[in-house]
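The structure appears right after this line, and notes come after that.
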């Protein structure tokens with residue numbers, strides 16, 4: 001958390017420490033959220049002040065997460081069957097200037113209602129004395145999947161970002177470990193590992209100024225966890241480098257405090273807060289976005305919103321469509337070898353729904369894939385269904401043919417059909433997630449006749465023209481689809 005004006009400082013202290021619950025009232029309001037953690041089917045994130053948020057499905061959040069110690073900008077990581085929480089007790093201009101402490105503690109569960117909910121006594125792992133250019137605040141954790149070693153980065157704009165090593169069994173600092181400076185001009189850092197690279201994600205810009213906050217998240221990468229962390233043009237983050245990951249978006253500004261969550265192979269999301277959501281009174285809110293990887297760099301994806309699209313199979317490039325008879329369009333033909341170039345051209349109107357819908361069956365209609373021809377039976381309207389719950393990053397959607405109530409649905413034989421009206425049944429609701437390569441997977445909420453929500457079967461191109469439901473496989477283009485605007489080539 002960046003050093004702030006004294007007046008604002010006292011306002012923050014009143015908000016975060018005197019009345020912690022005020023900062024947590026109403027979902028999804030939070031500041032400085034930790035990386036998301038899953039515990040017994042629920043999701044948790046912790047924020048500055050001691051509390052945090054809980055979600056049953058990853059989409060709808062409410063207050064109720066608990067941790068002792070107060071302080072600022074925690075992070076959480078599951079190691080084995082326990083959860084390690086790290087947080088800054090002071091620093092960043094909060095309650096002691098730049099004289100800060102970072103502590104760790106463990107719990108076997110994150111559920112405050114569980115009989116096993118009991119935090120260990122916090123252990124100090126590093127400090128800052130307020131005299132040197134360094135703040136012991138804003139920690140982030142990485143358990144290196146290649147070595148099993150545990151690392152923490154921390155710091156603010158007041159000096160450097162530092163790296164220390166912790167013991168993954170105790171949460172204590174490794175004896176004799178010497179802190180290492182790895183970046184400047186950022187704060188609220190997080191470390192992640194992917195495909196042989198270590199990534200340092202830092203929050204750049206100003207915080208704690210509501211709609212005027214300029215927070216954004218930048219990244220550098222290294223082959224070694226100890227750096228140097230270079231950006232896409234070779235600038236060292238120790239000299240102020242950093243490639244943009246996410247900045248202000250539409251009516252939300254000040255993204256900060258990056259966290260990465262891997263849902264499935266090729267399905268990842270990033271979490272952060274926006275300092276101010278202009279549609280929610282300028283409050284600081286939790287945000288979850290698809291996490292894409294472009295040329296080895298993390299990029300925040302766009303949340304899927306409603307609209308009318310073509311749904312294109314990555315396998316062949318064919319369009320998902322109703323399996324109905326092709327209706328030819330009328331055209332005044334010209335012989336291409338005898339065109340009168342002096343004659344002005346005029347546009348040909350698109351085929352309309354009213355021109356073809358009378359030829360369609362009234363009951364169920366199967367679907368297929370074929371060449372995209374800009375026809376009504378190939379245009380799909382995707383609409384969020386607010387009452388149906390959701391998952392990490394989105395609500396469930398219904399998928400209908402544009403201008404109709406005809407909805408895409410799963411069958412009990414794991415096939416696809418469309419029915420004449422939307423009832424809200426689970427087999428008519430779709431989980432749509434953007435994958436790390438920018439394509440999408442589409443999964444029915446439930447397969448009819450099954451007792452649990454579907455997390456295995458997705459829209460799948462079994463052959464060039466044959467869509468079905470099959471197990472998701474990120475390595476196969478059969479499981480991937482492009483959701484493109486009608487004007488996109």
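Where a number appears in this text, it was derived from the coordinates with a stated rule and is not lab data. All of these numbers come straight from a predicted model, not from anything done at the bench. Here Cβ is always computed from backbone atoms with ideal geometry, including for glycine, and neighbour counts include all displayed protein chains.
Annotations for the structure displayed:
- Peptides ranked, highest mean first, by Cβ atoms within 10 Å: ranges 278-285, 46-53: 46-53, 278-285
- Directionally averaged projected area (convex hull, Cα atoms, the chain), nm²: 28.2 nm²
- Spin-label model, residue 329/residue 476: points 7 Å from Cα along the beta carbon direction are separated by 3.5 nm.
- Residues 293, 360, 337, 481 in ascending order of nearby Cβ atoms (within 10 Å, fewest first): 337, 293, 360, 481.
- Percent RCO, i.e. relative contact order, over the range 6-300, from Cα pairs under 8 Å lying at least 6 residues apart: 12 percent
- Restricting the calculation to Cα atoms, the range 218-361 yields a radius of gyration followed by a Dmax of 25.0, 71 Å.
- Rounded FRET efficiency, nearest 0.05, which uses the C-beta distance separating residue 224 from residue 366 and R0 of 41 Å: 0.15
- In percent, rounded to a whole number, the relative contact order of the range 109-260 is 16, using alpha-carbon pairs under 8 Å and six or more apart.
- For the range 405-489, the equivalent ellipsoid derived from the Cα gyration tensor has semi-axes of 21, 16, 12 Å, listed largest first.
- The chain, helix-only ellipticity at 222 nm - DSSP H runs n ≥ 4, -39,500 (n - 2.57), divided by all residues, nearest 500: -1000 deg cm²/dmol
- A simple packing score, the average count of other Cβ atoms within 10 Å per residue, orders the peptides 177-183, 346-352 as 177-183, 346-352, with the highest score first.
- The range 60-142: C-alpha gyration tensor shape, a/c 1.5 cut-off, then a/b vs b/c: prolate
- Residues residue 302 and residue 133, FRET efficiency given R0 of 35 Å [Cβ-Cβ distance, rounded to 0.05]: 0.40
- Based on the convex hull around the alpha carbon atoms, the range 79-217 presents an average projected area of 10.0 nm².
- The calculated FRET efficiency for residue 373 paired with residue 343, based on their beta-carbon distance and R0 = 30 Å, is about 0.70.
- Residue separation of residue 172 and residue 117 scaled by 0.36 nm, minus their Cα-Cα distance, works out to 17.7 nm of gained length.
- Sorted peptide list for 66-75, 361-370, criterion being average Cβ within 10 angstrom, highest first: 66-75, 361-370
- Shape category assigned to the range 292-450 from the gyration tensor of Cα positions, a/c cut at 1.5: oblate
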